[in-house]
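Derivation of every value follows stated rules applied to the coordinates shown; laboratory data play no part. It should be emphasised that the depicted structure is a prediction, and the values quoted were computed from it without experimental measurement. Reconstructed Cβ throughout: ideal geometry from the backbone, glycine too, with neighbour counts over all protein chains shown.
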Amino acid sequence: MGKFQVIDHPLIQHKLTIIRDKNCGTKVFREVVNEIAELMAFEVSRDMPLEDIEIETPITKTTQKTLTGKKVAIIPILRAGLGMVDGMLELIPAAKVGHIGMYRDHDSLQPIEYFVKLPSDIAERQLFVVDPMLATGGSAIMAIDALKSRGATAIKFVCLVAAPEGIKALQDAHPDVDIYTAGLDDHLNENGYIVPGLGDAGDRLFGTK
Ligand code: PRP
Ligand code: URA
């Protein structure tokens, strides 16, 4: 089973409270989502492999560490995942970015894929799939299905708020995928919204409601 981790650093908890507040407007919501994603990038990249290299400081020759292993791609699930991309890129600026467009049908809650554009070498990359919300898990599962069917093997899922139902569904469907969230919430309501949650992440990011 992949790792499940709540990244509950005090700065992240504080910022998550800011965006949960229904009075938080689009500008601040967008800024703080990116700030949380940047802080999370620090933790989700913790197991990146290092190798020794020889360098010369102004004083002496020395052996030091440098990143090695797989290159990274960040894969936002449209729309709301877009809100986390710039924050992640602050810490991992050389990452490529692939897009998966998916929305939940409001009645059935089933995800519907409408767009996929990925770097050609995703099979060789460490992928960070980002989406603020893990609710039923349907969108994340289908996005990861789409990546695996195109050859992806190293996938981590990063969200801001997760419901227990979504975590279980994603772990059952993709036990090899590590899941990171900033907040672990209580349950889903009858409309498939996370409680207490933060509402519709896409609408709050883009001001569409
Ligand atoms: C939201 C969210 C996730 C999905 C989570 O997207 O950003 O992608 O719902 O729900 P699930 O775990 O039950 O699948 P939405 O369908 O509202 O699309 P949008 O980002 O375009 O607004
Ligand atoms: N999608 C959202 O944007 N919010 C939820 O609470 C659930 C799904």
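One table, with the values for the structure above:
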item	result
Efficiency of FRET from Cβ geometry, Ser149 and Asp21, R₀ 25 Å, rounded to 0.05	0.05
Mean Cα-pair separation over length for the range 155-209, i.e. relative contact order, pairs under 8 Å, 6 or more apart, %	34
Sorted by Cβ neighbour density within 10 Å, fewest at the top, the residues Met48, Met40	Met48, Met40
Neighbour-count ranking [beta-carbon atoms within 10 angstrom, fewest first] of Val195, Val129, Val32	Val195, Val32, Val129
The chain - percent relative contact order, Cα under 8 Å, separation 6 or more	23
Karplus 3J(HN,Hα) series, Hz, for the range 69-74 with 6.51 cos²θ - 1.76 cosθ + 1.60 (x for Gly, Pro)	x, 5, 6, 10, 10, 9
Three-way shape label, the range 2-155, alpha-carbon gyration tensor, a/c 1.5	oblate
Peptide ranges 8-15, 145-152, 133-140 listed from the most packed, as the mean C-beta count within 10 angstrom indicates	133-140, 145-152, 8-15
Backbone HN-Hα couplings from phi across the range 203-208 [Karplus 6.51/-1.76/1.60, Hz, Gly and Pro as x]	5, 6, 6, 10, x, 8
Unit charges on C-beta of K, R, D, E only; dipole of the chain, Debye	360
Cα centroid separation, the range 140-203 to the range 80-97 (Å)	18
Residue among Ile18, Ile167, Ile155 with the largest mean-square fluctuation in a Gaussian network model of the chain, springs linking Cα atoms under 10 Å	Ile18
Cα→Cβ-extended label distance, 7 Å offset, between Lys117 and Phe42, nm	3.3
Dipole of the chain, positive direction: furthest Cα of Leu89, Ile7, Leu198, with charges on the beta-carbon	Leu89
Residue-span extension gain [His187 to Leu11] - 0.36 nm each, minus C-alpha spacing	61.0 nm
Cα-derived Rg over Rh, computed across the range 126-185 with Rh taken as Kirkwood radius	0.93
Positive-pole candidate from Gln171, Met133, Leu188, dipole of the chain, charges at beta carbon	Met133
Gyration tensor (alpha-carbon) shape descriptor, the range 66-209, a/c threshold 1.5	prolate
Tally of Lys pairs whose C-alpha atoms are under 30 Å apart, taken over the range 1-122, 8 or more apart or cross-chain	19
J(HN,Hα) series, the range 107-114, from Karplus relation 6.51 cos²θ - 1.76 cosθ + 1.60, nearest Hz, glycine and proline x	8, 7, 6, 7, x, 10, 7, 10
Residues with amide H under 5 Å from that of Leu127, placed H, sequence gap 5 or more	Ala73, Ala154, Ile155, Lys156
